[in-house]
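So the structure is just underneath, and the comments pick up after that.
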Amino acid sequence: MKRTVFSLVFLLVMFSLTLQSVHSASPFRPGPAQKEEPVSSGVSHLLPAWVRDTGGQVMGRLLLWQAQIRQKAGGYAREIRENPWGSAFWSYMGLAFLYGVVHAFGPGHGKVFVSTYFLSRKGRVAQAFLMGGLMGFFHVFSALVLVLFFYFIMKSGGMASVDGAGRSLQQFSAAMIALVGFFLVWRGIKALFDGEEQGASGCLASSHADTRSLFSLSLAVGMVPCPGAALILFFSLSLDILLAGVLAMVFLAAGLSFTTSLFALLALFARKAMGHGRSEKRRPPFWHQLPPLAGAVCITLLGIFLFFNPL
Amino acid sequence: MGKKKQKERGLSGLGLIFFLGIMLWGSGPLFAHPHVFVQAGVDIVLGEEGVEGVWQHWVFDEYFSAWVIEDFDLNKDGQFCEAELKVVYEETFRNLENHGFFTRILKNGKTLPITGIEGFAVEIREGHAIYSFYVPMKLLVGSEKESFLIAVYDEDFYCHLFFPPEKLGVKGKTELWRVESRPREMPELAYYFGFMNPVALEIHVMRP
């Protein structure tokens, strides 16, 4: 029970942290007039200094790596234009993967959703990889489709149109997230009061990760195009190395997926280490059904929040 | 039995640490992280009475630059004529007014309002788009010296601006003034859960 309370408290903490900064649209593009007063991070003072310092050092390192990778990749891209299948091609692919890994370590890319999902319900390692993989690939695939669509079919310019479509997709994604969340909440409530869903293992089905909800949530979150991927693809197009650009997107997606899956695995491990994994042999008490429900509520509220605060 | 319990407790503690770590790191902005990198340079402009404004020069990474060049240098002459510049301004810069042009100027702990910018220009150099613009400000310097801070950063973290530059540029009536500057970390302006500390340029202007 103590661990369940911890789970609930941390889910709520995570939720409140997340609501503080959900900006995603390009600030360079025209948007609704809204004067923004610069504000310092609202929760930073609540964190111990060593957490802030360590986080700052990690972020600084990640930023530097990303800038260096992008700079090197730019050089290889130009070499590919001269010699399409030379060593630069594989270097470009390798750096795209590496960039994906490092890029996804920063904020965003659905880590909050995979963490919430796997912290609040029991899952398997394969499911963690599946969700991380799906989210990463959807995120890049969405950018790929939009860039190619606007560039070749609409011929309406590159990033400006992609960014506009991305804003619309963000709101649609938020609505989808909320819907998936509602579905999970409904299942959670049903499981709390109705023993019919009890599975063979003795646990209620709602406290387990399942392919349908996992896929739906991955699609809902991942459909928002990754601006970083769109910029890299557009850069490749501007150099007239379309094939290399498209293949680089596959490697980039693999890199993003790798990191997102890692977070999913960590969430699985954290849950197991906290003792939730030991409840298989007997029917879990009422309390053990609360984290999945709380997780589902968090996902729903986040979706609603994002829907009404499209940024 | 005691050892087993101890082990379980240890695992639980470890789990909690992981849990907290995931919460903190994974709960950042949902879809935002730096997608654009900018090297920001700054020149202060001196007049008869003190500081009159600040010129900024932003060198964008080649990915963002590719978009600007491809989409807005329509005649592909490597330059932005007046008509092209107007479109670049409207499509890629004007909205930054809502973000204070990523610029924060502080004097005695108070933020000086940035009412607008002037002289927006874009040039292309070695595949990089470089935006230049002037931020007017009025800082009268009496008999003593005056000091102010300038920080350039994007709180939303969509882009990361490398600031301050190694060297501060000085323009205008340079013969009338002595200028000193040094970088200063600004933990009070920390963003992204306090993980990102902007580094401001602390500028002192005085009579020689």
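The values are calculated or read from the model by the stated rules, or taken from the named source; none is laboratory data. Keep in mind it's a predicted model, so treat the numbers as computed, not measured. Cβ coordinates were reconstructed from backbone atoms using ideal geometry, including for glycine residues, and neighbour counts include every protein chain displayed.
The table below lists the values:
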read-out: Of the criteria (1) of a type in the set (G, A, S); (2) away from chain A (no Cβ under 11 Å); (3) surrounded by 14 or more Cβ atoms within 10 Å (Cβ to Cβ); (4) more than 16 Å from B:H57 (Cβ to Cβ), which one B:S132 fails; value: (4)
read-out: The listed residue being over 15 Å from A:F235 (Cα atoms) and either in a helix (DSSP H, G or I) or within 13 Å of chain B (Cβ to nearest Cβ) (or both), out of A:A160, A:A165, A:A143; value: A:A165
read-out: Among (1) buried (at least 20 other Cβ atoms within 10 Å of the Cβ); (2) within 14 Å of chain A (Cβ to nearest Cβ) - the single one B:M186 does not satisfy; value: (1)
read-out: Of all residues making up segment A:74-96, the number that are surrounded by fewer than 18 Cβ atoms within 10 Å (Cβ to Cβ) and farther than 10 Å from A:A244 by Cα; value: 9
read-out: In segment A:120-178, the residues that are β-branched (V, I, T) and buried (at least 20 other Cβ atoms within 10 Å of the Cβ); value: A:V140, A:V147, A:V162, A:I177
read-out: Residues being without any contact (Cβ under 8 Å) to a residue 40 or more places away in the chain, in a loop (DSSP other than H, G, I, E, B) and either loosely packed, with under 14 Cβ neighbours inside 10 Å or not polar (S, T, N, Q) (or both) - total across segment B:189-208; value: 4
read-out: Single match in A:L134, A:L119, A:L169 (criterion: under 17 Å from the mean Cα position of the chain (by Cα) and free of Cβ contacts under 8 Å to residues at least 60 places away in the same chain); value: A:L169
read-out: Breaking point among (1) part of a strand (DSSP E or B); (2) away from chain A (no Cβ under 14 Å), for B:I124; value: (2)
read-out: Which listed residue is surrounded by fewer than 19 Cβ atoms within 10 Å (Cβ to Cβ), at the interface with another protein chain (Cβ under 8 Å from one of its Cβ atoms) and not hydroxyl-bearing (S, T, Y), from A:Q71, A:Q66; value: A:Q71
read-out: Considering residues of segment A:256-265 that are farther than 12 Å from A:R124 by Cβ and surrounded by 24 or more Cβ atoms within 10 Å (Cβ to Cβ) only, the residue farthest from the other protein chains (Cβ to nearest Cβ); value: A:S257
read-out: Flag if A:L98 is within 13 Å of chain B (Cβ to nearest Cβ) and not basic (K, R); value: no
read-out: Index of the failed condition, B:E180 passing every other in (1) surrounded by 13 or more Cβ atoms within 10 Å (Cβ to Cβ); (2) touching a His at 6+ places or on another chain (Cβ under 6 Å); value: (1)
read-out: Condition met for B:Y89 (touching a strand residue (DSSP E or B) at 6+ places or on another chain (Cβ under 6 Å), without any contact (Cβ under 8 Å) to a residue 40 or more places away in the chain and not hydrophobic (A, V, I, L, M, F, W, C)); value: yes
read-out: Residues of segment B:98-108 classified as more than 7 Å from chain A (Cβ to nearest Cβ) and surrounded by fewer than 17 Cβ atoms within 10 Å (Cβ to Cβ), total; value: 2
read-out: When residues of segment B:154-188 are limited to those that are of a type in the set (D, E) and in a strand (DSSP E or B), the one farthest from B:G50 (Cα to Cα); value: B:E185
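Per-residue answers, yes or no, for (1) modelled with pLDDT under 90; (2) in contact with a Ser or Thr (Cβ under 8 Å, 6 or more places away or on another chain); (3) of a type in the set (F, W, Y):
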residue	(1), (2), (3)
B:Q39	no, no, no
B:E49	no, no, no
B:G53	no, no, no
B:A66	no, yes, no
B:I69	no, yes, no
B:F101	no, no, yes
B:L106	no, no, no
B:G109	yes, no, no
B:I130	no, no, no
